[in-house]
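A.B. asks: Mind looking over this structure? Questions follow.
Just so it is clear, none of the values below were taken in a lab; they were calculated from the coordinates. Predicted model only: the values in this text are computed from it and were never measured. When we count neighbours, we look across all protein chains shown, and the Cβ atoms used for this are built from the backbone with ideal geometry, even at glycine.
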């Protein structure tokens, strides 16, 4: 199968959002996606883009994507965070994921970062094997911690009530 890995353009964001939704369904959270095509277009292609997206295109269809953004580590300095690497279910096993992963690694080296980081679900054995096979360390003693929008608002409301 022949595909092209390239930087995403604004017009790709509808298909990118479709892949994001497919991932949410795979991760058993089909209703968790809140962003829109407009959000992706605004955030990725404005004067100060918040992310870089690479896509894998086959027969004029976006079959995979990798979305990264800059971070800063107090230990390492500048890093890149790989938010998602997604390959449509019907295209898995074609090498598309490996090609997107390679593009992300090349991008990180080009940027001169000291680390590329991402999260993987502990039950996603296929992804874990893929990452370890490619030299990544899975840090099993770290837990991801998040405050969603409701948590942010609740926290600040409690703080403001005590002022």
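A.B. asks: Multiplying the sequence separation of residue 22 and residue 48 by 0.36 nm and subtracting their Cα-Cα distance, what value in nm do you get? Numbers along the way, then the final one.
C.D. replies: Working: separation 26, 0.36 × 26 = 9.36 nm, distance 2.76 nm.
So the extension gain works out to 6.6 nm.
A.B. asks: Still on this structure, I have one more. Could you work out how far the C-alpha centroid of the stretch 94-150 sits from that of the stretch 25-74, in angstrom?
C.D. replies: Centre-to-centre distance over Cα atoms comes out at 15 Å.
A.B. asks: Next question. Taking the Cβ of each residue in 115, 129 as the centre, tally the other Cβ atoms inside 10 Å and list the residues starting with the fewest.
C.D. replies: The most exposed by this proxy come first: 129, 115.
A.B. asks: Build a GNM of the chain with springs between Cα atoms under 10 Å: which of 67, 121, 40 gets the top mean-square fluctuation?
C.D. replies: Residue with maximal mean-square fluctuation among 67, 121, 40: 121.
A.B. asks: Along Cα→Cβ, 7 Å out, is where each label goes; now give me the distance between the ones at residue 160 and residue 142 in nm to one decimal.
C.D. replies: About 3.3 nm, to one decimal.
A.B. asks: If each residue's Cβ is checked for other Cβ atoms within 10 Å, how do 75, 118 rank with the fewest at the top? Write out the running numbers ahead of the final one.
C.D. replies: On the way: 75 7, 118 16.
Ascending Cβ contact count within 10 Å gives the list 75, 118.
A.B. asks: Write down Rg/Rh for the stretch 1-68, rounded to two decimals, with Rg from the C-alpha atoms and Rh from the Kirkwood relation over Cα pairs.
C.D. replies: Working: Rg = 12.1 Å, Rh = 12.4 Å.
That ratio equals 0.97.
A.B. asks: Now for a different question. If I build a Gaussian network model for the chain, linking alpha-carbon pairs within less than 10 angstrom, which residue out of 130, 101, 54 has the largest mean-square fluctuation?
C.D. replies: The residue with the greatest mean-square fluctuation here is 130.
A.B. asks: Rank the residues 82, 156 as a footprinting-exposure proxy: fewest other Cβ atoms within 10 Å of their Cβ go first.
C.D. replies: Working: 82 20, 156 10.
Taking fewest neighbouring Cβ atoms as first place, the list is 156, 82.
A.B. asks: Could you give the length gained on full extension between residue 37 and residue 111, defined as 0.36 nm per residue of separation minus the Cα-Cα distance, in nm?
C.D. replies: 23.9 nm
A.B. asks: Return the single residue from 128, 62, 152 with maximal mean-square fluctuation; model: Gaussian network over the chain, springs between Cα atoms under 10 Å.
C.D. replies: Fluctuation is largest for 152.
A.B. asks: Between the helical axis of 149-161 and the dominant principal axis of the chain, each derived from Cα atoms, what acute angle in degrees is found, rounded to the nearest 10?
C.D. replies: Result, in degrees: 20.
A.B. asks: Report the relative contact order of the chain, percent, no decimals, based on alpha-carbon pairs under 8 angstrom and at least 6 residues apart.
C.D. replies: Value for the chain: 18 percent.
A.B. asks: Size of the chain along its principal axes in angstrom, Cα-based, largest extent first?
C.D. replies: In descending order, the Cα extents are 62, 34, 34 Å.
A.B. asks: Which angle from 0 to 90°, rounded to the nearest 10, does the C-alpha axis of helix 13-26 make with the longest principal axis of the chain?
C.D. replies: 80 degrees
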